[in-house]
Amino acid sequence: MMDERSSKLILVPILAVLFVMIGYQYICPAGSNSCHFKAEEKLRGVSLLSIPYQDSDDFYRDQDLEDDSPPKLPSKFNFTERDLDRHVEFNIKGDDVIVFLHIQKTGGTTFGRHLVRNIRLEQPCDCKPGQKKCTCHRPGKEESWLFSRFSTGWSCGLHADWTELTNCVPVIMDKKEAQRNKRNFYYITMLRDPVSRYLSEWKHVQRGATWKTALHMCDGRSPTQDELPNCYIGDDWSGVTLIEFMNCPSNLANNRQVRMLADLSLVGCYNLSSMNESQRNHILLSSAMSNLKNMAFYGLTEFQRKTQYLFERTFSLRFISAFTQINSTRAANIDLSELVRRRIEELNYLDVQLYEYAKDLFLQRFQFTRQREHQEVRLKRREERRWLREQKEQGRPWLPKHRGGGNEGGRKGGGLEKETDGDFPTTTEDYTSQVARW
């Protein structure tokens with residue numbers, strides 16, 4: 001009697017475990033992305049950005065890097081191999097400077113924080129608690145390698161555009177740091193889907209943002225009140241409705257990305273009477289496309305992991321923690337009628353064309369870089385197999401082949417050891433904060 005009772009007591013927990021395992025396999029089948037629990041993760045306060053990743057290419061075998069790719073369609077644009085290959089020999093110890101052009105509501109706040117707090121460097125940026133700016137000096141020098149909001153501040157004006165930065169950055173850096181050698185400036189930026197970006201800016205302005213201290217310098221002067229009239233009376237435009245926001249003809253939110261990337265000197269700056277609207281728009285769009293293509297790097301808010309991947313491959317720099325994709329933004333939660341959406345697209349029709357061009361080029365650069373990387377891996381493995389055959393044919397005992405440098409694929413900032421991010425705060429997408437709070 002006791003033996004039968006004991007066997008039943010033992011059988012109950014076994015059956016319970018089997019029931020849980022069967023249920024888990026049903027809910028989370030193999031290969032499913034619906035379950036994300038990992039042994040290393042804590043259930044509370046977990047952030048994908050707080051998980052350090054391998055310095056090797058294993059991180060980029062993560063399916064997430066491929067899952068956000070849209071279906072492959074024939075390209076509308078004839079890009080050359082030179083357009084797709086954007087690797088630059090960035091010398092952080094020499095005279096090279098990364099210049100970040102921060103367009104409003106493109107995720108630039110988050111990306112800017114990545115630049116000062118999340119790059120694996122011999123001499124990391126010095127970010128002190130309570131300070132808005134970090135000191136990003138070259139190893140062993142009192143010289144900055146980064147020109148951005150969180151390193152040098154708004155030195156060329158609040159959210160300075162391409163026209164302002166290209167004229168201002170060399171002058172400002174010469175004033176701050178005496179240097180005999182000529183600097184090499186590598187411009188980078190972030191772009192975002194025009195409708196989402198426009199809605200995000202509307203919500204930000206609705207909460208009281210104005211950016212009215214922006215200089216908008218062009219050809220040596222700021223625009224007059226007649227050239228750039230305000231959309232509101234008073235200190236700000238708090239509480240503005242979407243209809244009111246769309247109805248202001250001088251609203252700088254309209255086609256903001258094209259205007260901030262184009263050379264405004266080509267169209268008489270903010271003087272709309274210098275040429276007809278059609279000619280002006282054609283020149284602006286062409287200039288923005290050209291400047292974007294020739295930048296060292298740009299990323300897209302909608303493709304965070306690919307943005308990280310391409311930045312690392314372009315500059316041979318590695319981030320400590322992985323970027324994360326957060327699509328639940330204020331703009332994403334706004335219910336739009338089809339009529340209103342079309343109206344926003346009409347107001348931003350230059351930005352719509354620029355983004356289509358930028359997305360095509362961005363995804364082609366990603367595919368080009370991935371394919372080249374895969375080819376390099378295959379060649380490396382083929383070389384190793386050939387070397388092992390030679391050793392075997394010569395009757396030599398097998399020994400591991402030593403490879404110099406320690407940097408995978410000749411990239412800088414490598415190293416094989418894992419690093420933790422205990423000294424680095426987690427970074428999340430932030431489309432709402434204009435002022436950094438560390």
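The values are calculated or read from the model by the stated rules, or taken from the named source; none is laboratory data. The shown structure was predicted, so the numbers you read here are calculated from the model rather than taken from an experiment. Positions of Cβ are backbone-derived with ideal geometry, glycine not excepted, and every protein chain shown enters the neighbour counts. Heads up: the accessible areas ignore ligands, DNA and RNA and are worked out on the full protein's heavy atoms, side chains in. Shrake-Rupley method; radii C 1.70, N 1.55, O 1.52, S 1.80 Å.
Among the residues of the range 330-363, what is the count of those that are outside any helix (DSSP H, G or I) and open to solvent by 20 Å² or more (accessible area, probe 1.4 Å)? Steps first, answer last, please.
If we filter the range 330-363 for residues that are outside any helix (DSSP H, G or I), which is where we start, we get 330-337, 348.
Then drop every residue that is not open to solvent by 20 Å² or more (accessible area, probe 1.4 Å), which leaves 330, 332-337.
Number satisfying all stated conditions: 7.
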query = Considering only residues of the range 243-292 that are touching a Cys at 6+ places or on another chain (Cβ under 7 Å) and outside any loop (DSSP other than H, G, I, E, B), which is most open to solvent (accessible area, probe 1.4 Å)?
reply = 265
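Yes/no matrix, rows are residues, columns are (1) on the phi > 0 side of the Ramachandran plot; (2) touching a helix residue (DSSP H, G or I) at 6+ places or on another chain (Cβ under 7 Å); (3) surrounded by fewer than 19 Cβ atoms within 10 Å (Cβ to Cβ); (4) not in a strand (DSSP E or B):
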residue	(1), (2), (3), (4)
171	no, no, yes, yes
195	no, yes, no, yes
199	no, no, no, yes
209	no, no, yes, yes
214	no, no, yes, yes
223	no, no, yes, yes
227	no, no, yes, yes
231	no, no, yes, yes
234	yes, no, yes, yes
ask   = Of (1) at pLDDT 95 or above; (2) more than 18 Å from the chain's Cα centre (by Cα); (3) closer than 30 Å to residue 217 by Cβ, residue 274 satisfies all except one. Which?
value = (1)
Cross-chain or 6+ apart pairs with Cβ under 8 Å, the range 289-300 first and under 12 Å from residue 99 (Cβ atoms), then of a type in the set (D, E, K, R) and open to solvent by 30 Å² or more (accessible area, probe 1.4 Å) = 296/86; 297/86
task = Name every residue in the range 113-123 that is under 12 Å from residue 151 (Cβ atoms) and either surrounded by fewer than 18 Cβ atoms within 10 Å (Cβ to Cβ) or without any contact (Cβ under 8 Å) to a residue 60 or more places away in the chain (or both), in order of residue number.
result = 115, 116
Cross-chain or 6+ apart pairs with Cβ under 7 Å, the range 221-243 first and under 20 Å from residue 200 (Cα atoms) and modelled with pLDDT of 95 or more, then aromatic (Phe, Trp, Tyr) and part of a loop (DSSP other than H, G, I, E, B) = 231/237
task = With respect to residue 272, determine if the residue is closer than 26 Å to residue 358 by Cβ and touching a residue at least 60 places away in the same chain (Cβ under 8 Å).
result = no
